[in-house]
Amino acid sequence: MTVSTQEQPSTTTEVHKRPATESDPGGSALPDDAGSSNALATSVLAVALGGLAVAIAYALSRAEAPGATTLYWVGQALIVLPVALRVLSPSAGARERMALLLAMAVVQSLLAWCYSPDQFRFPDELQHMRTAVDILSTHHLFHPNSFLEVSPGFPGMEEVTTAVALLTGLSPFHAGVVTVSAVHLALPICLFLLYRELTDDARIAGIATLIYTTAPHYAYFNALFVYSAVALPFLVLSVRAALRSYQHRKSALWIVLPFLPMMFTHHLTAFVGAAILAAIAIVVGLSPGGRSTGLRLACTTLGLALMTILWTAHRSPSTFSYLAGPVREVLTGLAHPGGSKHPKPIASVAPYWESLVAISAAGITAACVLGGIAVVWRQGASRFARLATFLGLTYPALLVVRIVAPNGPELATRALTYGMLLAAFPAAAALVRLWPSHGAGVRAAFATAIAATLAMGAIVTGLPPSWERLPGRFHVAAFESGIDRHVTAEAEWAHDTWSPYQRVACDVSACSVLAGYSRATVSTAASPMYYASSTAALDQHLSALTSDYVAVDQRWTRQTPATGQYFFRDVLEVGHQRPLASSLLVKFDRNPRIDRLYDNGPIQLYDTRRVWGG
Amino acid sequence: MGRAVCLVAAVLATVAILAGAGRPLTIPLGAMLVLVLPGYAWLGAVRHHEPQPLASGALVVMASMGLAIVLGIGLNLLPGGLTRGSWVAGLSLVTVAGLATSWMRGRAIAGPCRPFVAFREASPSTVLKITLVILLVGATGAISVASQDAWIERQHFSELALSRSGTAPVVHVRNMEGRSVTYTVTVRLNRQRVTRFRVRLRSGSRFTRPLDAAPVRRTGDATLKVVLDRPGARSPYRVVFLRQRQHA
């Protein structure tokens with residue numbers, strides 16, 4: 001293993017003259033020969049076949065035909081295994097590693113689109129679609145979005161999406177797909193470049209990138225139309241610029257260039273970015289010859305953090321309370337460990353083997369991180385590299401959060417998007433020790449099996465959850481699977497008939513589509529109204545909500561909600577053990593001041609304005 | 001050469017988009033103007049050299065996006081805001097500014113042809129595999145679109161709605177049954193039938209009809225009820241109603 005052993009930062013002239021090392025025989029400047037191109041093409045062909053297999057699995061699932069689940073896992077294996085084998089291998093060159101990681105990202109982006117190729121269905125996507133639609137309608141930014149209040153204050157993703165839509169003539173949906181696909185493809189390359197700054201070794205950089213791709217949200221959630229996905233490559237480039245300021249004596253001001261668009265795109269990524277840059281400033285300051293660079297980095301980071309705070313306070317002050325909630329949960333959980341109090345969805349209990357895989361993957365990753373820190377220290381690497389590996393301890397810390405915080409699993413899964421950035425490097429060092437450059441056979445198989453386990457762990461702990469991992473089956477009040485043709489038709493009618501900002505009460509799926517596409521203002525406090533058992537109580541709740549419309553889905557009386565709650569901020573905190581009683585829905589037909597304006601079978605829309613005098 | 005190619009592409013994109021060219025032109029040129037050209041020009045200007053084309057490509061895309069994001073914040077300050085014209089003008093100006101900066105600094109910009117040269121030099125076996133990859137990606141997309149369309153088409157239902165146009169209610173029917181259907185629409189005021197008519201709709205089509213003002217028979221609350229029936233479905237198939245006060 002060849003983690004950089006030099007004690008002084010390299011000069012600029014050495015940037016393009018990295019020596020060919022034992023684990024990177026091609027170096028970074030020598031062309032690959034026809035043989036390695038052919039091997040690369042074979043691996044990419046296998047990845048593409050895997051993508052096709054998963055798409056066929058989706059098609060079988062939609063047709064309710066057998067074999068979908070088996071074909072899905074076969075496809076995922078074809079996507080991951082060839083990439084893992086070659087990236088882990090000592091004989092692959094830098095170009096091949098980058099190309100394979102890119103091929104995997106291409107297929108993952110493609111499959112995220114294949115899951116729902118006609119429209120966005122995930123609630124977060126629809127929240128951002130609302131901001132994009134507002135920009136296209138008003139031609140200005142920062143228009144209030146009642147669906148996700150903080151979104152308009154960080155309009156970077158929607159700016160690029162609306163620019164693509166306006167200049168190409170594509171629909172907002174297709175423009176959004178183009179935008180997030182472009183960043184998802186750029187991300188593994190940016191990660192590779194980041195880890196190349198920590199080590200001269202392309203193999204370690206490639207393996208670290210591969211390990212990052214096993215973060216739970218990498219393959220799917222971070223390929224969706226969500227603002228954190230677009231901000232992430234800018235975070236990586238900011239951290240890379242910070243490392244280059246030490247390694248190659250570049251100005252710390254280069255950090256500003258990627259940090260600014262990140263600050264305009266996603267609040268949490270910007271704050272986390274400032275924290276990571278501060279940690280790097282400390283590491284640099286403690287490294288040989290890095291005191292003045294560390295000080296400059298610290299000052300730059302402080303300035304960027306202040307800018308972020310000022311921008312947030314000016315454009316979206318509610319962001320502070322929005323982010324404070326999860327932080328409070330974590331602190332409460334650490335102070336009073338008591339497990340999750342969040343409702344467990346009845347229909348979403350994953351198979352037992354998936355839980356085993358998830359636990360194994362977490363344990364293996366933690367072991368690799370800790371082992372990698374020990375390896376780097378014992379190998380006599382530079383102090384900078386040794387100190388940098390300590391940042392990987394964020395991974396075990398996040399495992400603690402997962403266990404003790406009330407909403408630990410979701411919080412930790414989202415936080416791992418950032419935590420894995422720091423944990424991947426030491427974990428890669430451990431895997432390289434496991435499969436050294438002269439090793440083959442059993443060691444190669446073992447290292448590949450570890451990578452495959454981590455990848456499978458990412459699938460079972462990430463999104464989509466097991467009960468909607470394959471599309472096609474409708475679930476009430478779910479994520480993508482809660483939006484079928486009935487729900488879409490309801491939103492189309494609302495879009496054609498309602499003026500913007502009509503206030504509507506609905507379940508989580510219908511609200512997502514109504515707010516996203518019809519620019520409605522959805523209620524997040526409507527559940528007591530639905531549970532009211534008398535006309536008087538119904539009138540009282542409607543007067544308090546001042547809802548213009550109420551949506552009802554008769555399927556609530558036949559299914560429990562897949563996510564545990566029918567409505568946003570459902571007052572029934574312990575979750576629904578049984579479907580809703582049909583008597584709760586009949587009250588809307590019996591109220592003399594409520595009109596039924598729409599009926600498509602399971603879904604009815606009621607006009608409730610006469611109840612409260614609207 | 002790279003600078004000239006970039007300038008020509010920016011000019012072409014600007015002209016095509018502002019002239020309202022068709023989507024076969026505006027899709028690639030517009031996407032290039034947002035996602036490629038600004039970053040390509042400015043990375044050349046600051047001479048951020050990456051030996052690997054993949055690395056250069058990723059940095060070009062991210063630099064273009066970053067420039068577009070910051071530009072958009074600025075365009076928002078204009079009275080017209082973020083329109084097609086302001087985006088085209090802004091992105092073109094940013095691109096030209098990058099090219100001018102690289103020219104003034106005496107920086108050469110690498111041409112974009114390296115990946116294509118590498119492809120041309122690949123062995124026949126490699127070319128075949130790459131072609132197969134492209135076909136597989138296309139098949140993946142086609143299968144997904146086709147299966148999603150089929151899944152949507154299997155969800156058969158009809159839609160009945162009421163809206164108001166002035167004071168008169170308007171009834172809307174939409175056929176999503178997957179085949180032509182003859183519907184029966186019955187309109188009642190309180191319990192008395194006011195009108196009944198049949199309408200035959202092809203699958204996917206809509207029907208809209210204003211309802212004549214119902215004759216006033218008495219004062220007090222009245223319920224205007226519209227019932228939609230179709231052959232083979234239990235009656236009433238769909239129901240909507242308006243409850244309103246009637247005046248003498």
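The listed residues are B:Leu78, B:Leu25, B:Leu91, B:Leu7, and the only one of them that is more than 10 Å from every other protein chain (Cβ to nearest Cβ) and out of contact with any His (no Cβ under 7 Å at 6 or more places or on another chain) turns out to be B:Leu7.
For A:Ser146, are the conditions met, namely being surrounded by fewer than 24 Cβ atoms within 10 Å (Cβ to Cβ) and modelled with pLDDT under 95? When the stated conditions are applied, A:Ser146 passes them.
As a summary of the residue check, A:Val357 satisfies the conditions (1) in contact (Cβ under 8 Å) with a residue 60 or more places away in the chain; (2) in contact with a Pro (Cβ under 8 Å, 6 or more places away or on another chain); (3) β-branched (Val, Ile, Thr) except for the one numbered (2).
Considering only residues in the stretch A:105-142 that are in contact with a Pro (Cβ under 6 Å, 6 or more places away or on another chain) and not hydrophobic (A, V, I, L, M, F, W, C), the one that is surrounded by the fewest Cβ atoms within 10 Å (Cβ to Cβ) turns out to be A:Tyr115. Among the conditions (1) part of a helix (DSSP H, G or I); (2) modelled with pLDDT of 95 or more, B:Thr182 misses just one, which is (1). The lone criterion from (1) surrounded by 24 or more Cβ atoms within 10 Å (Cβ to Cβ); (2) closer than 30 Å to A:Arg196 by Cβ left unmet by A:Leu85 is number (1). Could you check, for the stretch A:129-141, whether at least one of its residues is assigned to a helix (DSSP H, G or I) and at the interface with chain B (Cβ under 7 Å from one of its Cβ atoms)? Scanning the stretch A:129-141, I find at least one residue that is assigned to a helix (DSSP H, G or I) and at the interface with chain B (Cβ under 7 Å from one of its Cβ atoms), so the answer is yes. For the stretch B:94-103, the criterion of a residue being at the interface with another protein chain (Cβ under 9 Å from one of its Cβ atoms), modelled with pLDDT of 90 or more and in a helix (DSSP H, G or I) is satisfied by no position.
Only residues that are part of a helix (DSSP H, G or I) and charged (D, E, K, R) were counted in the stretch A:98-128, giving 2. Under the condition of being farther than 30 Å from A:Ala57 by Cα and within 11 Å of chain A (Cβ to nearest Cβ), which residue from the stretch B:118-127 is modelled with the highest pLDDT? Once the filter is applied, the top-ranked residue is B:Pro124. Whether any residue in the stretch B:201-216 is free of Cβ contacts under 8 Å to residues at least 12 places away in the same chain and within 14 Å of chain A (Cβ to nearest Cβ) is what I want to check. Scanning the stretch B:201-216 turns up no residue that is free of Cβ contacts under 8 Å to residues at least 12 places away in the same chain and within 14 Å of chain A (Cβ to nearest Cβ).
Condition (residue is within 30 Å of A:Pro155 (Cβ to Cβ), within 14 Å of chain B (Cβ to nearest Cβ) and under 22 Å from the mean Cα position of the chain (by Cα)) applied to the stretch A:321-340: is it met by at least one residue?
So the first thing to find is which residues in the stretch A:321-340 are within 30 Å of A:Pro155 (Cβ to Cβ), and the list is A:321-330.
This time we only want the ones that are within 14 Å of chain B (Cβ to nearest Cβ), so: none.
Within the stretch A:321-340, none of the residues are within 30 Å of A:Pro155 (Cβ to Cβ), within 14 Å of chain B (Cβ to nearest Cβ) and under 22 Å from the mean Cα position of the chain (by Cα).
Picking from residues in the stretch A:252-298 that are touching a residue at least 24 places away in the same chain (Cβ under 8 Å) and among the hydroxyl-bearing types (Ser, Thr, Tyr), the one that is farthest from the other protein chains (Cβ to nearest Cβ) is A:Ser287.
If we keep just the residues of the stretch B:143-189 that are within 17 Å of B:Phe241 (Cβ to Cβ) and of a type in the set (D, E, K, R), which is farthest from the other protein chains (Cβ to nearest Cβ)? Step by step, filter the stretch B:143-189, then rank; the result is B:Arg188.
Taken over the stretch A:571-581, the criterion of being touching a Phe, Trp or Tyr at 6+ places or on another chain (Cβ under 9 Å) and not hydrophobic (A, V, I, L, M, F, W, C) is satisfied by A:His576, A:Pro579. Filtering B:Ala13, B:Ala19, B:Ala97 for residues that are farther than 30 Å from A:Gly206 by Cβ, buried (at least 16 other Cβ atoms within 10 Å of the Cβ) and hydrophobic (A, V, I, L, M, F, W, C) leaves a single hit, B:Ala13. Sort out which residues of the stretch A:67-116 are farther than 15 Å from A:Ile56 by Cβ, of a type in the set (Gly, Ala, Ser) and within 14 Å of chain B (Cβ to nearest Cβ), and write them in order of number. Once the filter is applied, which keeps residues that are farther than 15 Å from A:Ile56 by Cβ, of a type in the set (Gly, Ala, Ser) and within 14 Å of chain B (Cβ to nearest Cβ), the stretch A:67-116 yields A:Ala92, A:Gly93, A:Ala94, A:Ala99, A:Ala103, A:Ala105, A:Ser109, A:Ala112, A:Ser116.
Among the residues of the stretch A:286-333 satisfying the criterion of being touching a Gly at 6+ places or on another chain (Cβ under 9 Å) and outside any helix (DSSP H, G or I), which is surrounded by the fewest Cβ atoms within 10 Å (Cβ to Cβ)? The extreme case among them is A:Pro317.
Being more than 7 Å from chain A (Cβ to nearest Cβ) and surrounded by 15 or more Cβ atoms within 10 Å (Cβ to Cβ) is the filter here, so list the residues in the stretch B:128-140 that pass it.
Step one: filter the stretch B:128-140 for residues more than 7 Å from chain A (Cβ to nearest Cβ), giving B:128, B:131, B:134-135, B:138.
Selection gives nothing.
Would you check if B:Ala41 is at the interface with another protein chain (Cβ under 8 Å from one of its Cβ atoms), crowded, with 24+ Cβ neighbours inside 10 Å and part of a helix (DSSP H, G or I)? So B:Ala41 does not fit the description; no.
State which residue is modelled with the lowest pLDDT when the search covers only the stretch A:511-560 and only residues that are within 23 Å of A:His495 (Cβ to Cβ) and among the polar types (S, T, N, Q). So the residue we want is A:Thr524.
The criterion of at least 3 residues that are away from chain B (no Cβ under 13 Å) and not small (Gly, Ala, Ser) is met by the following helices (runs of 4 or more DSSP H) wholly inside the stretch A:504-614: A:508-518, A:527-531, A:535-545, A:583-590.
Pairing each residue of the stretch A:471-500 that is more than 9 Å from every other protein chain (Cβ to nearest Cβ) and more than 25 Å from A:Asp570 (Cα to Cα) with any residue that is part of a helix (DSSP H, G or I) and not aromatic (Phe, Trp, Tyr), provided the two are 6+ apart or on different chains, yields C-beta distances under 7 Å for A:His495/A:Ser518; A:Trp498/A:Ser518.
Can you tell me which residues in the stretch A:142-186 are small (Gly, Ala, Ser), more than 10 Å from chain B (Cβ to nearest Cβ) and assigned to a loop (DSSP other than H, G, I, E, B)?
Applying the first criterion (small (Gly, Ala, Ser)) to the stretch A:142-186 yields A:146, A:151, A:153, A:156, A:163, A:165, A:169, A:171, A:175-176, A:181-182, A:186.
Okay, now just the ones that are also more than 10 Å from chain B (Cβ to nearest Cβ), so A:146, A:151, A:153, A:171, A:176, A:181.
If the condition is that a residue be small (Gly, Ala, Ser), more than 10 Å from chain B (Cβ to nearest Cβ) and assigned to a loop (DSSP other than H, G, I, E, B), then A:Ser146, A:Ser171 are the ones that fit.
Within the stretch A:469-478, the set of residues being buried (at least 21 other Cβ atoms within 10 Å of the Cβ) and either aromatic (Phe, Trp, Tyr) or under 17 Å from the mean Cα position of the chain (by Cα) (or both) comprises just one member, A:Arg469.
Does the stretch A:515-530 contain any residue that is out of contact with any His (no Cβ under 7 Å at 6 or more places or on another chain), among the charged types (D, E, K, R) and surrounded by fewer than 20 Cβ atoms within 10 Å (Cβ to Cβ)? No, the stretch A:515-530 contains no residue that is out of contact with any His (no Cβ under 7 Å at 6 or more places or on another chain), among the charged types (D, E, K, R) and surrounded by fewer than 20 Cβ atoms within 10 Å (Cβ to Cβ). For the stretch B:223-244, the set of residues classified as of a type in the set (A, V, I, L, M) and either more than 16 Å from B:Ser180 (Cβ to Cβ) or buried (at least 18 other Cβ atoms within 10 Å of the Cβ) (or both) consists of B:Leu224, B:Val226, B:Val227, B:Leu228, B:Val239, B:Val240, B:Leu242, listed by residue number.
The values are calculated or read from the model by the stated rules, or taken from the named source; none is laboratory data. Since we're looking at a predicted model, the values are computed, not measured. When we count neighbours, we look across all protein chains shown, and the Cβ atoms used for this are built from the backbone with ideal geometry, even at glycine.
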